[in-house]
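FYI, it's all coordinate maths here, none of it is from the lab. What you see is a predicted model; the values in this text were computed from it and never measured. Heads up, the Cβs are rebuilt from the backbone with ideal geometry, glycines too, and the neighbour counts pull from every protein chain shown.
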Amino acid sequence: MSLTLETASAAPVTAALPEAAPISSSSLFSRLRNPLLAVIFPGAMVIVWHLATYGQKYSLIPPPSDVALALWDLAFGGINDDAYSKTLHIHLLASLSRVYGGFAIALSVALPLGLLIGRIALIRRVLDPTLQVLRPIPVTAWLPLAMIMFGLGPRSAFFLVCLGAFYPILINTIFGVRTVDQRLFEAASMLGCQGTAQFFRVVLPASLPAIFTGLRLGLGFAWVVIVVGEMTGVQTGLGAIIMEARQLSRTEIVICGMVVIGVAGFISDRIVVVLGKRLLRWSPSFA
Amino acid sequence: MREGANPILALRGVSKQFELQGERIEALRDANLRVRPGEFVCLIGASGCGKSTLLRIVAGFETATRGQALMWDRPITGPGPERGMVFQDYGLFPWLTVRANIGFGPSARGRPAQEVKETVERFITMVGLQRFADAYPHQLSGGMKQRVAIARVLANEAEIVLMDEPFGALDAMTRERLQDELLEIWQRTRLTVLFVTHSIEEAIFLGDRIMVMSPGPGRIDTEFPVDLPRPRDVVAADFNDLRRELSLKLHSDHARKAA
């Protein structure tokens, strides 16, 4: 088109373009600064822990060095050569499968349900009160019923993990759908996108940031409840060895389990955040 | 383009009432308006005069309590692509790029992908946003967002563009630039524009006709034809005369309401 408005292309560029990398970020110090700051506090905690426990004859809490050795043995063996040696991968995989399996089940139910509750007033009136009453019930309280309904073993574990992840996904999805800017519906309908077509073209994309927050919280909760989930008589899993080691007074194994859950939960959250930043780079709150 | 006596848009005795906390509000009383194809009509008035309500009835977002709103002699029953709306707060889809925002209408209406692509390129060029075609709305300035919003309704084959204080949130320089651009697009495409503003100068600069509205209850009060030649000079004597006349009219309405 030759009649292009030249004024526009000559306009001063006032747009806030995607943020450029900070200028001095190439220097090693500034790149390592944040990780360094992040390890100061845990480092100090370990030192306090060490001073309080090391060399004490009757300390019930093992010093950090014992825990480190136990963790090495749990992962690679060669130190204690007992029932726990070189079994970490088995337990980690078992827990990972329950966390992600339970999370996937929760997602497949909570997401569509949240979209429906958020969008359709009748469904909201029917289901929302019940859900609000069920929501405060702790996952721990469900343990006995879960074991009756699903029996001893992994099925109960999946159920409990799923329950932990369910509400954050559901609540955030409902919130996302309910808070879509009314203006966007008007914009869509005056452009010729009306009725159910708005669901996929407006409601779903507009609620994605909130849904994503729900996923992140849900996955976090799945890790939080993994120990309860594995109190259901399963033989493997990080939660299972924590409960078993506790009965055997192997506190260093208990702490190993805690450390591994923490690290695994952290890594799985980082993965979700990175994915979210890619998928939601249009959103000012994620980009 | 159809010409002659046949108006593209006609309002006949349109009234709108709604309830607000148990109180009956008369937002618009007995509004009559005929807009010819290709005309640029401005609605001006203080807040509460019903100018936005009138526009939203034409857009199909609200229904009239009494009276009729007709487009090409057919009653308006809901929003439609032939009546494109440009909002003051843009109403762009934040998850779509500039390109996809402009293509939203055509692709939602099932146009073939190749056709959508060509249309989008044409209108991106028209509003001069080629360099920002793949940017997201949050990366754009207000003026650029409003260019996207205008391109979006034009790309969707709107016959009449409804603009609700579209430049009200922009700084003075950007506003003037966009006014010029809008006039150029309007003259080139022979669009029909219904433009709500509270700026007297903007109304005189843009409009073929200015409908002055007054509040309590909201109604169309007077009509001012603007017979100044285009492009208009905002510091010319006749421009100023009209500005004074309109200003007096608006302030007397205001004073009467306050009394």
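I want to verify a result. In a Gaussian network model of chain A, Cα cutoff 10 Å, which of these has the top mean-square fluctuation: A:Ile271, A:Ile211, A:Ile40?
A:Ile40
Counting Lys +1, Arg +1, Asp -1, Glu -1, what net charge surrounds B:Ile124 among other residues with beta carbon under 12 Å of its beta carbon?
Value of the local net charge: +3.
Under 15 Å from the Cβ of B:Leu20, count the other residues' Cβ atoms, weight Lys and Arg +1, Asp and Glu -1, and hand me the total.
Residues close to B:Leu20 contribute a combined charge of -2.
Could you tell me the convex hull volume per residue, in Å³, taken over the Cα atoms of region B:94-158? Walk me through the numbers before you get to the answer.
Values: hull volume 4.7 nm³, N = 65.
Cα convex hull per residue, to the nearest whole number: 72 Å³.
Just subtract the alpha-carbon distance of B:Ser199 and B:Phe18 from 0.36 nm times their residue separation and send over the number in nm, one decimal.
The B:Ser199-B:Phe18 span can extend by a further 62.5 nm.
For peptide B:74-83, compute the average count of partner chain beta-carbon atoms within 10 Å of each residue's beta-carbon.
3
Want the number for A:Phe200 to A:Gln182: 0.36 nm per residue separation, take away the alpha-carbon distance, what's left?
Gain in length upon complete extension: 4.9 nm.
Among residues other than B:Leu54 whose Cβ falls under 15 Å from its Cβ, what is the net charge (Lys/Arg +1, Asp/Glu -1)?
+3
Give the share of C-alpha pairs in each 5 angstrom bin for chain A, from 0 to the last occupied bin, in whole percents, shortest bins first.
Result, from short to long distances: 1, 5, 9, 11, 12, 12, 12, 10, 9, 7, 5, 3, 2, 2, 1, 0, 0, 0 percent.
Over chain B, what is the mean sequence separation of C-alpha contacts under 8 Å (at least six apart), divided by residue count, expressed as relative contact order in percent?
On the way: 487 pairs, mean separation 65.6, N = 259.
Once normalised by length, the contact order is 25 percent.
Given springs between every Cα pair under 10 Å in a Gaussian network model of chain A, which of A:Arg246, A:Arg98, A:Arg216 has the largest fluctuation?
For chain A, modelled as a Gaussian network with Cα springs under 10 Å, the answer is A:Arg246.
So which lysines pass the test for B:Lys249, namely a Cα distance under 19 Å, with those fewer than 8 places away in the same chain ruled out?
Answer for B:Lys249, where 19 Å is the Cα cut-off: B:Lys51, B:Lys257, listed by chain and number.
Residue by residue through region A:150-167, which ³J(HN,Hα) values in whole Hz follow from phi under the Karplus form 6.51 cos²θ - 1.76 cosθ + 1.60 (θ = phi - 60°), with glycine and proline marked x?
Karplus values, whole Hz, x for Gly and Pro: 10, x, 5, x, x, 5, 5, 4, 4, 4, 5, 5, 4, 4, x, 7, 5, 5.
On C-alpha positions alone, give me the angle between the axis of helix B:142-155 and the longest principal axis of chain B, in degrees, nearest 10.
Long axis of B:142-155 versus the principal axis of chain B: about 80 degrees.
Once label points are set 7 Å from the Cα along Cα→Cβ at both A:Met258 and A:Leu93, what is their separation, rounded to one decimal in nm?
Going from the A:Met258 label point to the A:Leu93 one covers 2.8 nm.
As a test of the formula, what do you get for the protein assembly as shown when each DSSP H run with n ≥ 4 contributes -39,500 (n - 2.57) and the sum is divided by the residue count, at 222 nm and rounded to the nearest 500 deg cm²/dmol?
-17500 deg cm²/dmol
On a straight-distance basis, which lysines could pair with B:Lys117 in a cross-link, Cα separation under 29 angstrom, same-chain partners fewer than 8 positions away excluded?
A:Lys277, B:Lys145
Averaged across A:74-85, how many Cβ atoms of other chains sit within 10 Å of each residue's Cβ atom?
Going residue by residue through A:74-85 and averaging, the value is 0.
So what is the relative contact order of region B:119-259, in percent, for Cα pairs below 8 Å that sit 6 or more residues apart? Intermediate results must be reported in sequence, preceding the final value.
Working: 116 pairs, mean separation 23.5, N = 141.
The normalised contact order for region B:119-259 reaches 17 percent.
Starting from the Kirkwood radius over alpha-carbon pairs of the protein assembly as shown, derive D by Stokes-Einstein at 4 °C in a medium of 1.567 mPa s and give it in µm² s⁻¹.
46
Taking only Cα atoms and a 10 Å spring cutoff, compute GNM fluctuations for chain B and point out the largest among B:Asp89, B:Asp227, B:Asp180.
Residue with maximal mean-square fluctuation among B:Asp89, B:Asp227, B:Asp180: B:Asp227.
Tally the DSSP beta bridges in chain B and give the antiparallel ones as a percent, rounded to 5.
Taking every DSSP beta bridge with both residues in chain B, the antiparallel ones total about 55 percent.
Show the residues, 5+ positions off or on another chain, whose built amide H is closer than 5 Å to the amide H of A:Gly77.
When sequence neighbours closer than 5 places are left aside, the close amide H contacts are A:Lys86.
Which order do peptides A:150-159, B:35-44, A:275-284 fall in by mean Cβ count within 10 Å, highest first? Each step should come with its number before you reach the end.
Details: A:150-159: 18.9, B:35-44: 21.8, A:275-284: 15.4.
Result, highest mean Cβ count within 10 Å first: B:35-44, A:150-159, A:275-284.
Calculate, in nm to one decimal, what B:Leu70 and B:Gln187 gain on full extension: separation in residues at 0.36 nm each, minus their alpha carbon distance.
Here the answer is 39.7 nm.
Sorted by packing (mean other beta-carbon atoms within 10 Å per residue), highest first, where do A:169-178, B:20-29, A:28-37, B:60-69 land?
Numbers: A:169-178: 22.5, B:20-29: 13.7, A:28-37: 9.6, B:60-69: 17.0.
Descending mean neighbour count gives A:169-178, B:60-69, B:20-29, A:28-37.
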